[in-house]
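The block underneath contains the structure these notes are about, expressed in structure tokens.
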Amino acid sequence: MAKQLPDVGSGGAVPPPRRTRIVLAEITRPDSRAERTRTELAQQTQVGEALVRGLVRAQLALALRLSLVVAIGLGGLPWLFAIAPSLGRTTVAGVNLPWLLLGVASFPFLIAVGWAYVRLAERNEQDFTDLVQRPER
Amino acid sequence: MGNDYVVPAIVAVTLVTVGIGFYGLRLARTTSDFLVASRAISPTWNAAAIGGEYLSAASFLGIAGLVLKYGVDVLWYPVGFAAGYLALLLFVAAPLRRSGAFTLPDFCELRLGSRRLRILATAFVIFIGWLYLVPQLQGAGLTLATVAGSPYPVGALLVAAVVTANVALGGMRAITFVQAFQYWLKLTALAVPAIFLALQWQADARPAVTPPDGPTFRTATTVVVEHRATLTLPDGDIREVRPGDELTFAAGDPVPEVSGVANDASDWLLPSAAGDDDRGLFATYSLILATFLGTMGLPHVLVRFYTNPDGAAARRTTLVVLALVGAFYLLPTLYGVLGRIYTPQLLISGQTDAVVVLLPGAALGDGLAGRLLAALVAAGAFAAFLSTSSGLLTSVAGVISTDVLGRGSVRGFRLATVIAGGVPAVLALNVSGLDVSQVVGLAFAVAASSFCPLLVLGIWWRGLTDLGAAAGVLVGGGAAIGAVLVTVLGAPLSGWPATLIAQPAAWTVPLAFIVMVAVSVATRRRAPADVAATMLRLHTPEALRL
């Protein structure tokens, strides 16, 4: 800490320099293990490489699973209407079923799948981050 | 048409667009402001802007026209246009943002490090962009001709000029505000009249959409034919009509059957069944594939992702876009269905794309409400042309300025904008007979067979090589472009060849994937050495970066 000595000799004409306070920068001791894993990621060691591969695989599996849901849920409709024409003639509240399914119901369905994806993909990333920062777990 | 509110409404939309553009110009101070809006745009604004940019003439006018003409089978267009954002969300959004690529050619160079692939991607961006711009200008010409009686070129040139000037002067930041405003305008312009139309339908004692004796004219109608067609009159006579022919019908007359249109109640109301028409089923699946996978390859969609601060924000933005776009697509179907009751003459004149603009006047009459709502719809249609063309023009001009002119300066971008806007304007003046949605569908097919495999394999598969990517894009995208050229320029086909060419995605998309994977495996040694670093960057959260 620097210490300001009062300057008594120069009289009262010159205002004393303002008192300053010096604070040491806060030292954060990095978690050495987390640091090591981050370095492994950056330097593409085999451990880091395996971690990234795991994340990519998890995200791709999630995306493929949800596309399968859409492929069956929506992609199956033309085929279903083709093999079971009576389905197309069914009416709900005076409207034929294909009009309701395609014109109305498909949009909330797509949004629901998208919402699920955003949640699950963020969870995958959180798991990855936890793994990198606390490798002992 | 004696509606004196339409022209002021269109002028107002245009002035507001230009006005916000100039407001944005004052805010844009640096090159980064100008080109990528300094990445300071919130996800909600960004999502509304993406939605505003995406909902084009095909969405605003085309879908309703197709529903009027063909019925339930074409509902796959709105479903596919919305589902395209889900595919984008699942496979592309976050990694693409993390890659830091601003355009598709940037992505090619980042991932595969090949200059030649970059040039190929640039050529495809320009082709898709122009293919998509032409129907926007065409829709503008058609709308202005329908509602204000101006000659076709006036509307097309007006939109081309306004958009070129606005993009050249305001850049991306202005565009974001303009686009977000235009999303809400488009939604309002379809939603408010839809409420009045539904009430009118109730007040008219709910006329049946598919009456048992076939559709009839509700009022005395004179039809001026715009496209050649063969009519089957109720007494069984067959009559050929040519453009310019005038037909007069009294109120209550049955609507004659028109060639090439779903006339039968069951054709229109029910999906195509197995057995009687396998080609219908093939075309449906092809359309699904093109729209689901094509969205991610459209150049103007991709540019927007760079304005998100990070990968997680890109994902959330995409989800909001999906919701906004899905809400919008509930409406055009309603217009197509009510058009079957109130504007059957469009089936004969061939101008089905005009149904959205004409329906309020036809259903609500010439009273004040009818005229105001017709003006609102026309304003919304103009918002659609202006916003989609702005987005396309920004991205096409972006690649032209960096990859063709080789200058990254604001002045280079302005020059590129003029080039990028001029070419489609000239093309639009020479093709007025094409269906708006058909051309847009082809643009999706080209994008789905070129950039979709490139993005998906580039993001998720380490084995992709530059030669593999180039071969896949050339073979798949080339086949789709060939189909476009045959459709636009070639002789009419029939049977299976016609279906394969009109809806090419079901064979061109798998072809592109197969060629890309096969050639990459064969040239395995050319895989970039830094692929592990690229994967790390694309897929790990930004917070972990060192």
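Values in this text are rule-based calculations from the coordinates and carry no lab data. These numbers were taken from a predicted model, which means no experiment stands behind them. We place every Cβ from the backbone using ideal geometry, glycine too, and count neighbours over all the protein chains shown.
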Original post:
Among B:512, B:50, B:416, whose Cα sits farthest toward the positive end of the charge dipole of chain B (+1 at Cβ of Lys/Arg, -1 at Cβ of Asp/Glu, about the Cα centre)?
Top reply: B:416
**OP:** Evaluate the charge dipole of chain B about its Cα centre and quote only its size in Debye, nearest 20, assuming +1 on the Cβ of each Lys and Arg and -1 on the Cβ of each Asp and Glu.
**Re:** 2800 debye
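Please compute the net charge surrounding residue B:372, taking Lys and Arg as +1 and Asp and Glu as -1 over other residues with Cβ under 12 Å from its Cβ.
Details: positive: B:371; negative: B:4, B:366.
Net charge around residue B:372: -1.
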Original post:
With a sphere of radius 11 Å drawn around the Cβ of residue B:96, what net charge do the other residues whose Cβ falls strictly inside it have (Lys, Arg +1; Asp, Glu -1)?
Top reply: +4
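State the extension gain, in nm to one decimal, for the chain segment bounded by residue A:116 and residue A:49, taking 0.36 nm per residue of separation less the distance between their alpha-carbons. Write down the numbers at each step before the final one.
Details: separation 67, 0.36 × 67 = 24.12 nm, distance 2.77 nm.
Difference between extended and current length: 21.3 nm.
Give me the net charge for the shell around residue B:129: Cβ to Cβ below 14 angstrom, other residues only, Lys and Arg +1, Asp and Glu -1. Each step should come with its number before you reach the end.
Values: positive: none; negative: B:53, B:403.
Combined, the nearby Lys, Arg, Asp and Glu give -2.
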Original post:
Hey, what angle do you get for helix B:115-148 against the long axis of chain B, alpha-carbon based, 0 to 90 degrees rounded to 10?
Top reply: 20 degrees
**OP:** Grab the beta carbon distance between residue B:224 and residue B:426, set R0 = 30 Å, and tell me the FRET efficiency rounded to 0.05.
**Re:** 0.60
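If you place +1 on the Cβ of every Lys and Arg and -1 on the Cβ of every Asp and Glu, how big does the dipole about the Cα centre of the stretch B:275-421 come out, in debye to the nearest 20? Display every interim value, and only then the final one.
Details: 9 positive and 7 negative charges, 127 e Å.
My answer is approximately 600 debye.
Pop the C-beta distance of residue B:239 and residue B:486 into the FRET formula with R0 = 25 Å and round what comes out to the nearest 0.05. Display every interim value, and only then the final one.
Details: r = 30 Å, r/R0 = 1.22.
That pair, residue B:239 with residue B:486, gives E of 0.25.
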Subject >> Folded to 0 to 90 degrees: helix B:355-364 orientation relative to chain B principal axis, Cα >> reply: 40 degrees
Subject >> Euclidean distance of C-alpha centroids, the stretch B:449-471 and the stretch B:283-341, integer Å >> reply: 23 Å
**OP:** Set the Förster radius R0 to 60 Å, insert the Cβ-Cβ distance between residue B:530 and residue B:208 as r into 1/(1 + (r/R0)^6), and round the FRET efficiency to 0.05.
**Re:** 0.40
Original post:
By how many degrees, 0 to 90 and rounded to 10, does the Cα axis of helix B:278-294 deviate from the longest principal axis of chain B?
Top reply: 50 degrees
Original post:
When the Cα centres of the stretch A:95-137 and the stretch B:344-364 are compared, how far apart do they sit, in Å?
Top reply: 40 Å
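Using the Cα centre as the reference, give the magnitude of the dipole from point charges on the C-beta atoms of the stretch A:56-133 (Lys, Arg: +1; Asp, Glu: -1; all else neutral), rounded to the nearest 20 debye.
Values: 5 positive and 4 negative charges, 61 e Å.
Magnitude of the dipole: close to 300 debye.
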**OP:** Using the charge dipole of chain B (Lys, Arg: +1 at Cβ; Asp, Glu: -1 at Cβ; taken about the Cα centre), state which of B:197, B:427, B:324 has its Cα farthest towards the positive end.
**Re:** B:324
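Name the longest site-free stretch of chain B, where the excluded sites are trypsin sites (Lys or Arg not before Pro) in a DSSP loop with no more than 12 other beta-carbon atoms within 10 Å.
On the way: sites that count: B:29, B:545.
The reported range is B:30-544.
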Original post:
Can you tell which of A:70, A:115, A:103 lies farthest toward the positive end of the dipole of the stretch A:56-133, using +1 and -1 charges on the Cβ of basic and acidic side chains (Lys, Arg; Asp, Glu)?
Top reply: A:103
Subject >> Rough spin-label spacing in nm, given labels placed 7 Å along Cα→Cβ, for residue A:91 and residue B:542 >> reply: 5.4 nm
